[in-house]
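Accompanying notes for the structure given below.
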Amino acid sequence: MAVAEANKTTSKGGEFLVKETLASGVFIPEEFNEEQRMIADTCRDFLSKEVWPILDEIDHAKSPELISGLMDKAGELGLLGTAVPEEYGGFGMNFNTSMLVAEATGAGNSFSVALSAHTGIGTLPILYYGNEDQKTKYLPKLATGEWKAAYCLTEPDSGSDANSGKTKAILSHDGKNYIINGQKMWITNGGFADVLIVFAKVEENGQTDKNLSAFIVEKSFGGITMNESEHKMGIKGSDTRQIFFNDCLVPVENLLSERGNGFKIAVNILNIGRIKLSAAALGGAKRVAKQAINYANERKQFGTAIANFGAIKHKLAEMAVQMFATESAAYRVGQNIDDLIVSYQDKGMSDAESKLKALEELAIECAIMKVHGSEVLDFVVDEGVQIFGGMGYSADAPMDRAYRDSRINRIFEGTNEINRLLVVDMLLKRTMKGQLDLMGPATAVGKEIMSIPDFGMEEDETLFAAEKKVIKNLKKAALMVAGAAVQKFMMKLSEEQEIIMNLADMVIEIFAAESILLRVERRIDLLGAEANALQKDMALIYLNRAVEKVNNAGRAAITSFAESDELNVMLMGLKRFTKIAPMNLKNARRRIADELITKNDYTF
């Protein structure tokens, strides 16, 4: 199955908030072809045979050789070169296929972290920003795993504010090398990486550049020392270290891209990391859900399996609903990226330029998915612990590792707080640049809340007509709050982080709710209503929850800045825009849970 070419439209970043998306133009995971599914199965088989049997050994390893050895085996299967073009020794898969690989390997705990760091932030800067000589030299060895990669950005005083790093690069007197001095921390794969992507500010004649530059540094260059691997709350088997550069000589030809372009490189590579993290988190969540379902079927209390209790069914169903929403939204974005890449290539852009521009265009959606995916994983593992009960708290059961390992994902690739701020900031900046019209629709919504409500007397019997109206109204709620906040605070809105976070929560829930609804609508078009009864239940459950969340976030934002008549009018508008017909959510959850329990697996 494939999305009909005539129905495909390229999406602009944030456009979903002001434009209706048709189900016919949305990619759904059910459309992955046999070859793509075989690749995902290879990844899962690798975890099953090579990683899961030795998870304890990985966590307690005293040296990085174990993880490094697993990386070698993954390289032999081609798992490290999925995104690398064929001319450089990889498989040249499209973006959405690389997302599928990220999901399939995402259940590998510490190993997944090492793998994603190597294939993502370690390799992609060279792929997207390297010149031909750099690509030819490094990519083939990175694609096979002969060389391992790490990414050196964070410093003790430079985390979310990445461009404030103090590591310096000074050109040698003979002009042949940059001399790098500085300290980096939280460097994944640091203990065994052969190639480091290092960010530093060039200093010349006593003046330091405002922006970072990026360098390809081989560990063999010398002048590199490191601490022992960090002791961490979770992902204990991933090798994470502080790295010190002491007069490290880096040939000038190893400057990546242009001088001063490092911050842009860091930002764009993080966009990739964010969307792929959502896929990896989904893979981890699916494994935890399967374990929770198995345990609920096995554990007997009061003479029956705990899976038969309504409270447990509620948990299992909610886990499934949340994961189904993440999956729907993640691959929707992945295909949007692929479609934009093709569009830019058709206009004459190079492969690397097309990919970078597509990811930059959809940076809002990448940030949305990073937040959604990581928080769904946290929700799933937390409920997994609860379903396991006392055994959930035992280090001898799988929830202990899952719970600890999941927590880092809300910090990785920019904290979820930073990503929430970015979602709104990027939406407003695109509006100010004329790339996205938010204020026009926001003004229209402002007028609408002063008018007589449309009571919807005419019945529309097309599929999901009522639900689409709910989505449309949720978008109006977000536009109403955003427009009023911008008018109230103008350029000082950035100082009102609590309000921005509320707005981000509204936007994130709208995107996820719309994505799951579009997926189910497309499934029904392809497979029929009867075959998608449970998927429809999931879409409606999620939509009901989204309405509640948008209402709560909107109310929190409005009461933070509006007063008197404006407060009352906006609260009435919010109430109008966050209505949904009541349904029996309990029975819908039970239908979903019964399917999971009967199949003894996550089957969606």
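As a test, work out the antiparallel percent of DSSP beta bridges whose residues both lie in the stretch 151-259, rounded to the nearest 5. Each step should come with its number before you reach the end.
Numbers: 27 of 32 bridges.
Antiparallel bridges make up about 85 percent of those DSSP assigns within the stretch 151-259.
Kirkwood Rh over alpha-carbon pairs of the stretch 151-259, then Stokes-Einstein at 10 °C and 1.306 mPa s: what D in µm² s⁻¹, rounded to an integer?
Working: Rh = 14.1 Å.
So the translational diffusion coefficient is about 113 µm²/s.
Would you grab the residues whose amide H sits under 5 Å from the one on TYR151? Only those 5+ places off in sequence or on another chain, please, with H modelled 1.01 Å from N.
Residues meeting the criterion, in which the H sits 1.01 Å from N, are THR188, ILE197.
At 222 nm, what helix-only mean residue ellipticity would the chain give, in deg cm²/dmol to the nearest 500, using -39500 (n - 2.57) for each DSSP H run of four or more? Write out the running numbers ahead of the final one.
Values: 19 runs with 329 residues, N = 604.
-18500 deg cm²/dmol, from helical runs alone.
Given a cut-off of 32 Å, name the pairs among LYS315/LYS355; LYS236/LYS536; LYS73/LYS315; LYS210/LYS286; LYS347/LYS536; LYS210/LYS433 whose C-alpha atoms lie farther apart than that in the structure shown. Please list the in-between numbers first.
Numbers: LYS315/LYS355 39 Å; LYS236/LYS536 39 Å; LYS73/LYS315 37 Å; LYS210/LYS286 44 Å; LYS347/LYS536 39 Å; LYS210/LYS433 24 Å.
Those over the limit are LYS315/LYS355; LYS236/LYS536; LYS73/LYS315; LYS210/LYS286; LYS347/LYS536.
Distance between Cα centroids, the stretch 225-275 to the stretch 280-300: provide it in whole Å.
34 Å
Quick one: the Cα spread of the stretch 370-454 along its three principal axes, in angstroms, biggest first?
Here the Cα extents, ordered largest to smallest, are 59, 34, 13 Å.
Which far-off residues, 5 or more places away or on another chain, put their amide H under 5 Å from the one on GLY237, with H placed in the peptide plane?
SER110
In whole angstrom, and with the biggest value first, how far do the Cα coordinates of the chain range along each principal axis?
80, 61, 46
Distance between Cα centroids, the stretch 535-570 to the stretch 400-457: provide it in whole Å.
13 Å
Compare the Cα positions of THR154, PHE244, PRO85 along the charge dipole of the chain (+1 at Cβ of Lys, Arg; -1 at Cβ of Asp, Glu; about the Cα centre) and return the one farthest towards the positive end.
Farthest towards the positive end: THR154.
Let me check against my output: what whole-number percent is the relative contact order of the chain, with C-alpha pairs under 8 Å and at least 6 apart? Please list the in-between numbers first.
Values: 1009 pairs, mean separation 89.3, N = 604.
So the answer I get is 15 percent.
Once you list every other residue whose beta carbon is under 12 Å from the beta carbon of ASN544, what net charge do they have if Lys and Arg are +1 and Asp and Glu are -1?
Details: positive: ARG545, LYS549, LYS579, LYS586, ARG589; negative: GLU318, GLU467, GLU509, ASP537, GLU548.
Surrounding charge for ASN544 is 0.
Would you tally the net charge around THR167, using a Cβ to Cβ cut-off of less than 13 Å, leaving THR167 out, and scoring K and R as +1, D and E as -1? Don't skip to the answer; put the middle values down first.
Working: positive: LYS166, LYS168, LYS184, LYS201; negative: GLU155, ASP157, GLU203, ASP209, ASP247.
Net of charged neighbours comes to -1.
If you put +1 on each Lys and Arg Cβ and -1 on each Asp and Glu Cβ, how big is the dipole of the stretch 419-599 around its Cα centre, in Debye rounded to 20? Can you show the working numbers first?
Values: 27 positive and 25 negative charges, 81 e Å.
The calculation lands at about 380 debye.
Taking neighbour counts of Cβ atoms within 10 Å as a proxy for exposure, in what order, fewest first, do SER24, SER451 appear?
On the way: SER24 15, SER451 7.
Ordered by Cβ neighbours within 10 Å, fewest first: SER451, SER24.
How large is the dipole of the stretch 151-259 about the Cα centre if only Lys and Arg carry +1 and Asp and Glu carry -1, each at its Cβ, rounded to the nearest 20 debye? Can you show the working numbers first?
Numbers: 11 positive and 15 negative charges, 41 e Å.
Magnitude of the dipole: close to 200 debye.
How much net charge surrounds ILE387 when only other residues with a Cβ under 13 Å from its Cβ are counted (Lys, Arg +1; Asp, Glu -1)?
Values: positive: LYS290, ARG299, LYS313, LYS315; negative: GLU298, GLU318, ASP382, GLU383.
Net local charge, ILE387 excluded: 0.
Computed from the coordinates by the stated procedures, all read-outs in this text should not be read as laboratory data. What you see is a predicted model; the values in this text were computed from it and never measured. Positions of Cβ are backbone-derived with ideal geometry, glycine not excepted, and every protein chain shown enters the neighbour counts.
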